[in-house]
Amino acid sequence: MNMEDEQEQQRPVAINQTAIALIRRWFEDQSKWLVLHDETVDHHRLIEAQRLEEESFRESIDREIAWQLNLERGKDYIVSSAPRLHLEIPIEIAHGCSDKQEVRVDVVEFYLVELYGSSAQKSLDKNSSVQWLNARQFLAEGSNTEILSRQRQILQLADILNEDESDGDLREEMH
């Protein structure tokens, strides 16, 4: 077996490949992030898209934003050209009674999204599922705006909504 075969064999298999939208809106001088209220689980959640075969992470999140928010691609919002963060989370899977552990990875990419114009904002203001939260509200456990625990854990691990960082840096990335 050559070195390339060994490396390929040791590389964990990706079991989930998802993109998460970080849709930001400014209220006065404070940035807030879009979450949707999911009535089926009575929690809030970010827009998340499963990456389909032959589709990039960016294409998958662009598709989901348009569908879930009823917005027009290329007109109502812009998805950053590169992910804010690419995260690979190792997951150990046990196989039956054999005690054999297999390492797989959950791959997540975060994309910043900015809204264009007033029509997109008005459309979202009419949507009763949409809420805008600052990072502290977003990451708080046990609040009435609690988000899905999986997404909260990923965000805490990624430390991507850290408000101590300059918001100017995030604005620069979009342009």
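As an exercise, take the mean of 1/r over every pair of distinct alpha carbons in region 14-158, invert it, and state the Kirkwood radius in angstroms.
16.3 Å
What does the accessible area per residue of region 14-158 come to in Å², with a 1.4 Å probe and no ligands, DNA or RNA counted?
For region 14-158, the solvent-accessible area averages 55 Å² per residue.
Long-range amide H contacts for His43: which residues qualify at under 5 Å (H placed 1.01 Å from N, peptide plane, sequence gap of 5 or more or a different chain)?
Under 5 Å from the amide H of His43 lie the amide H atoms of Asp38, each far enough along the sequence or on another chain.
Apply the Karplus parameterisation 6.51 cos²θ - 1.76 cosθ + 1.60, with θ equal to phi minus 60°, to every residue of region 46-56 and state each ³J(HN,Hα) to the nearest whole Hz, in sequence, with x for glycine and proline.
7, 6, 10, 10, 6, 6, 8, 4, 6, 10, 7
Using 0.36 nm times the number of residues separating Val103 and Gln131, minus their current alpha carbon distance, what extension gain do you get?
The span from Val103 to Gln131 would gain 6.4 nm if fully extended.
Would you please calculate the Kirkwood hydrodynamic radius of region 9-81 over all C-alpha pairs and express it in Å, rounded to one decimal?
About 14.0 Å, per the Kirkwood formula over Cα pairs.
With a 1.4 Å probe and all protein chains left in place, how much of the accessible area of region 14-158 comes from carbon and sulfur atoms, in whole percent?
Of all accessible area on region 14-158, carbon and sulfur atoms account for 46 percent.
What's the magnitude of the charge dipole for region 14-158 around its Cα centre, counting Lys and Arg as +1 and Asp and Glu as -1 at the beta-carbon? Answer in Debye, nearest 20.
400 debye
By average Cβ neighbour count within 10 Å, what is the ranking of 69-79, 49-59, 105-115 from highest down?
Result, highest mean first: 105-115, 69-79, 49-59.
For the charge dipole of region 14-158, defined by +1 on Lys and Arg C-beta atoms and -1 on Asp and Glu C-beta atoms about the Cα centroid, which residue among Phe57, Ser31, Val108 has the Cα displaced farthest towards the positive pole?
The one lying farthest along the dipole's positive direction is Ser31.
Given Cα pairs under 8 Å that are at least 6 residues apart, what percent is the relative contact order of region 14-158?
32 percent
The values are calculated or read from the model by the stated rules, or taken from the named source; none is laboratory data. Remember, it's a predicted structure, so these values are computed and weren't measured experimentally. When we count neighbours, we look across all protein chains shown, and the Cβ atoms used for this are built from the backbone with ideal geometry, even at glycine. Side chains included, ligands, DNA and RNA excluded: accessible areas come from the protein's heavy atoms. Shrake-Rupley method; radii C 1.70, N 1.55, O 1.52, S 1.80 Å.
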